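Trainee: Sharing a structure, written as structure tokens. Questions coming.
The values are calculated or read from the model by the stated rules, or taken from the named source; none is laboratory data. Please read these numbers as outputs of a predicted model, since none were measured by experiment. FYI the Cβ positions are ideal-geometry reconstructions off the backbone, even for glycines, and counts take in every protein chain you see. Please note that ligands, DNA and RNA were not included when accessible areas were found on the heavy atoms of the full protein model with its side chains. Shrake-Rupley method; radii C 1.70, N 1.55, O 1.52, S 1.80 Å.
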Amino acid sequence: MADKLSMTVMTGSVDRLIGMAILAGGAVAMDMEVEIFLQLWGVYAFKKDVIKSNMNLSEFKEKGEQVVKRMKELNLPMWFDILKQAKDSGTVKIYACSTASTLWDVKKEDLEMVDDVIGAGEWLLKAKDASVTLFI
Amino acid sequence: MADKLSMTVMTGSVDRLIGMAILAGGAVAMDMEVEIFLQLWGVYAFKKDVIKSNMNLSEFKEKGEQVVKRMKELNLPMWFDILKQAKDSGTVKIYACSTASTLWDVKKEDLEMVDDVIGAGEWLLKAKDASVTLFI
Amino acid sequence: MADKLSMTVMTGSVDRLIGMAILAGGAVAMDMEVEIFLQLWGVYAFKKDVIKSNMNLSEFKEKGEQVVKRMKELNLPMWFDILKQAKDSGTVKIYACSTASTLWDVKKEDLEMVDDVIGAGEWLLKAKDASVTLFI
């Protein structure tokens, strides 16, 4: 069985989502499986009407412009493009928390790249077999 | 031996504490044990004189009112009620970091639901047997 | 083989870095190995021209002054001094993410305590053998 990277994504901030996406891409490159569970702000950030326009940062908001400018200079892809590429080339499953989906009043179809809506208990049964578990 | 969910809780923000409490509840529902270690803001948020009044968010502060309103509409319990219920129905141990407790000048009795005050080394000996380890 | 604590450090905020450093120190005290991978703000915070002057907090910015004052009263060392001491007395390896290093235009020599610059894939191969994995 392949090693698995399990990420519980509470954040909806672009800086932390970049970190998450780079880890997902790195895991797929190493033939690891990736499983992601979106909680509160994570579900919000994957909404089809939010994913591309959201520019929230979790830290150093005053440096946001500088970082974005530098990312464009370096032609770095956006976090959702990195994640989409990982999903296309490897095994990346994305789940939305059922409670958070109720809170935002969204279904699977309203969210980008999400494979299913599940509860926290079901998520933990998946997470306990992972080699690497992270809360983002 | 039951699988164990180990959470190191640095945060004192309600959004992240909701995520933590939902994971604790889900773990207990799946017969997993839960161990929690409170660091800096985590100890602050569990203070008896803070736990119910604290409304700090870690992200998207401008959406706080909307989220709280929606949680009331859905009759979702507060994070500490979810955690208390998990503690009543399963094995959930909560430890406060000794350094952080000194910093806030609190003892076990000043904190809600805390079972003991321990050091980081002792905490890591507990964490290393867990199936799922998260930093919140 | 010794148990290993693996921390992926996205944050550049002093409160979360204190938590990270205390965990590293505790792990070394228990004869565990420690491996750290710096992402976006983590690389920024380890820059030689930033590490000592950076006072950013991730949460409760309005309580920053109170916490710093109290830490001085208690003679608590700064996070980088705790980490340096852990590195001197045990096995602590610190890696900077290659993408983040390009973004900040830094080399290993521009960063404090960093042993190497590596990619996310290589990092995950290290992380998957750890007993405790955290995203800070």
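Trainee: Can you tell me how many residues in the stretch C:116-133 are open to solvent by less than 50 Å² (accessible area, probe 1.4 Å), not small (Gly, Ala, Ser) and not in a helix (DSSP H, G or I)?
Mentor: Qualifying residue count, the stretch C:116-133: 3.
Trainee: Hey, among B:LEU57, B:LEU76, B:LEU111, which residue is farther than 30 Å from C:MET1 by Cα and in contact with a Gly (Cβ under 6 Å, 6 or more places away or on another chain)?
Mentor: Only one candidate qualifies: B:LEU57.
Trainee: If you don't mind, there's one more thing I want to ask. Which of the residues spanning the stretch B:3-15 are facing chain A (nearest Cβ under 9 Å) and more than 16 Å from A:THR133 (Cβ to Cβ)?
Mentor: Hit for the stretch B:3-15 is B:ASP15, nothing else.
Trainee: Does C:ALA96 satisfy the criteria of being closer than 29 Å to B:TRP41 by Cα and of a type in the set (Gly, Ala, Ser)?
Mentor: So C:ALA96 passes the test.
Trainee: Here's a check for you: in the stretch B:6-26, which residue that is among the hydrophobic types (A, V, I, L, M, F, W, C) and either in contact with a Lys or Arg (Cβ under 8 Å, 6 or more places away or on another chain) or open to solvent by less than 10 Å² (accessible area, probe 1.4 Å) (or both) is nearest to B:LYS52 (Cα to Cα)?
Mentor: So the residue we want is B:LEU17.
Trainee: Further question: Hey, could you check the stretch A:91-102 for residues that are of a type in the set (Val, Ile, Thr) and within 21 Å of B:ARG16 (Cα to Cα) and say which is surrounded by the fewest Cβ atoms within 10 Å (Cβ to Cβ)?
Mentor: A:THR102
Trainee: Can you tell me which of (1) of a type outside the set (Lys, Arg); (2) open to solvent by less than 60 Å² (accessible area, probe 1.4 Å); (3) within 14 Å of chain B (Cβ to nearest Cβ) is the one A:ASP105 doesn't meet?
Mentor: Of (1) of a type outside the set (Lys, Arg); (2) open to solvent by less than 60 Å² (accessible area, probe 1.4 Å); (3) within 14 Å of chain B (Cβ to nearest Cβ), only one is false for A:ASP105: (2).
Trainee: Can I ask one more? Does B:TYR44 satisfy being modelled with pLDDT of 95 or more, among the aromatic types (Phe, Trp, Tyr) and assigned to a strand (DSSP E or B)?
Mentor: Answer is no for this residue.
Trainee: Which residue is most open to solvent (accessible area, probe 1.4 Å), if the candidates are limited to the stretch B:35-90 and must be farther than 27 Å from A:ASN54 by Cβ, within 14 Å of chain C (Cβ to nearest Cβ) and among the hydroxyl-bearing types (Ser, Thr, Tyr)?
Mentor: Result: B:SER53.
Trainee: Here's a follow-up. Keeping to the stretch A:16-34, report how many residues are more than 30 Å from B:LYS61 (Cβ to Cβ) and facing chain C (nearest Cβ under 8 Å).
Mentor: The qualifying residues number 6.
Trainee: Could you list, in sequence order, the residues of the stretch C:84-127 that are touching a Ser or Thr at 6+ places or on another chain (Cβ under 6 Å) and β-branched (Val, Ile, Thr)?
Mentor: Passing the criteria: only C:VAL117.
Trainee: Kindly indicate whether any position in the stretch C:47-62 is part of a helix (DSSP H, G or I) and in contact with a strand residue (DSSP E or B) (Cβ under 7 Å, 6 or more places away or on another chain).
Mentor: Looking for residues that are part of a helix (DSSP H, G or I) and in contact with a strand residue (DSSP E or B) (Cβ under 7 Å, 6 or more places away or on another chain), one finds none in the stretch C:47-62, hence no.
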